[in-house]
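The values are calculated or read from the model by the stated rules, or taken from the named source; none is laboratory data. The model shown is predicted, which means the values in this text are computed figures rather than measured ones. Here the Cβ positions follow ideal geometry from the backbone for every residue, glycine too, while neighbour counts run over all protein chains shown. Just so you know, the surface numbers come from the protein's heavy atoms only, side chains and all, with ligands and any DNA or RNA stripped out. Shrake-Rupley method; radii C 1.70, N 1.55, O 1.52, S 1.80 Å.
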Amino acid sequence: MTETPPPRRARAEIDLGALRANVRTLRARVGPHVRMMAVVKADAYGHGAVRCARAALDAGADWLGTATPQEALALRAAGITGVPLMCWLWAPGDPWDRGIEAGLDMSVSGMWALAEVLEAARRTGGIARIQLKADTGLGRNGCQPADWPELVEAALKAEADGLVKVTGLWSHLACADEPHHPSIAAQLDVFRSMLDHAERAGVVPEVRHIANSPATLTLPEAHFDMVRPGIAVYGISPSPDLGTSAELGLRPVMSLKGSVALVKRVPAGHGVSYGHHYVTETETTLGLVPLGYADGVPRHASGRGPVLVGGTVRRVAGRVAMDQFVVDLGGEEPGAGTEAVLFGPGDRGEPTAEDWAVAADTIAYEIVTRIGARVPRVYLGE
């Protein structure tokens, strides 16, 4: 059977071989006695949750993690079963019943959530797998230390009643991507104290975990029983302060490419794109790339976003529009269909997601996660 050629207008190439190598690198950082959860929330940070989840498991991940229950249930529906799967961002009225039936590990941060879990357990006749989340200082989800004894006591009573099993105790770090930030040690102290209280009260967790990608890479004291790398699985450094992807032994998984759809000569003084924020200084060649902010190319990178065309890195000329942007090619006149590489691993001279993050005054997480569904994913190394 003839293979379908990759789309030429635009595509995000996803290197699953690189993802597997990243998982193996991360596993080597934590050793054989610490389990690893590969976080595949937000459609695996824009890379494609189902394929990336399978590749991560193939490479040695022990758990999978998502933010929403809908994300987790979609993985189960795709046939990813028989592996622990945690989701942590629940809202009132979410499908706790289906979570129980699917064997999800469901995060509980307060009494309202525990009450909804117990109602669902009674309705379904199942035993809910729950993990109690501690707010150790991030100030988002999680139970405050002052409320922790009540939540632990209620969870243990529900466990004694056969309605739940408390499988984990966990938290999340606020500043692990900032080496030596004082909040790191403070949060770990609070976490240890909250763990001690829960375990003294009778909780016997399968896993205790707090380490995200930067903590997995740099804070062995935060590894406990399991680590939860997210962005590092996809080969992107969690922070320039920690080193580049290459310095951390990681390889970016996504490359965003398009084709030059139109090449034309224009005179000096010619305005380019909305608002004429870019005006040609001399006669020059413009190239049109059919990708825009509807595809996830950040409008904030207008005039700054780097693009590799014909072996030369150019900058977006003028504003990024919804469906397209322009680059000034100077004296070069590549043919229509010439490849334009917005970002990739960077080892062939192309820009990286971090380069685009700098251009857009954001973080590389956002650059890859925002690439929209209109851009087809092409999987390499399956």
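Numbers for the structure displayed
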{"quantity": "Boolean, GLY310 is over 28 Å from ALA176 (Cβ atoms), at pLDDT below 95 and out of contact with any helix residue (DSSP H, G or I) (no Cβ under 7 Å at 6 or more places or on another chain)", "calculated": "yes"}
{"quantity": "Residue among VAL320, VAL341, VAL358 that is under 27 Å from PRO214 (Cα atoms) and at pLDDT 95 or above", "calculated": "VAL358"}
{"quantity": "Region 1-47, subset charged (D, E, K, R) and modelled with pLDDT under 95, residue surrounded by the most Cβ atoms within 10 Å (Cβ to Cβ)", "calculated": "ARG29"}
{"quantity": "All positions within region 197-248 that are aromatic (Phe, Trp, Tyr) and farther than 20 Å from LEU16 by Cα", "calculated": "PHE224"}
{"quantity": "Entirely in region 119-237, the helices (runs of 4 or more DSSP H) that have 2 or more residues that are open to solvent by 20 Å² or more (accessible area, probe 1.4 Å) and farther than 23 Å from VAL34 by Cβ", "calculated": "148-160, 182-201"}
{"quantity": "Candidate set from region 323-382 (those that are of a type in the set (Gly, Ala, Ser) and part of a helix (DSSP H, G or I)); member that is surrounded by the most Cβ atoms within 10 Å (Cβ to Cβ)", "calculated": "ALA353"}
{"quantity": "Residue match in region 68-78 (condition: within 22 Å of ASN141 (Cβ to Cβ), free of Cβ contacts under 8 Å to residues at least 60 places away in the same chain, of a type in the set (S, T, N, Q) and open to solvent by less than 10 Å² (accessible area, probe 1.4 Å))", "calculated": "no"}
{"quantity": "Which listed residue is modelled with pLDDT of 95 or more and under 22 Å from PRO229 (Cα atoms), from LEU188, LEU163, LEU156", "calculated": "LEU188"}
{"quantity": "Those residues of region 283-305 which are of a type in the set (D, E, K, R) and buried (at least 19 other Cβ atoms within 10 Å of the Cβ), in sequence order", "calculated": "ASP295"}
{"quantity": "Strands (runs of 3 or more DSSP E) fully within region 31-107 counting 3 or more residues that are farther than 29 Å from ASP295 by Cβ", "calculated": "35-39"}
{"quantity": "Pairs with Cβ under 7 Å, 6+ apart, first in region 182-205 and on the phi > 0 side of the Ramachandran plot, second of a type outside the set (Phe, Trp, Tyr) and surrounded by 13 or more Cβ atoms within 10 Å (Cβ to Cβ)", "calculated": "GLY202/LEU156"}
{"quantity": "Residue selected from region 18-37 under the condition among the small types (Gly, Ala, Ser) and touching a Lys or Arg at 6+ places or on another chain (Cβ under 8 Å), by the criterion nearest to ASP62 (Cα to Cα)", "calculated": "ALA21"}
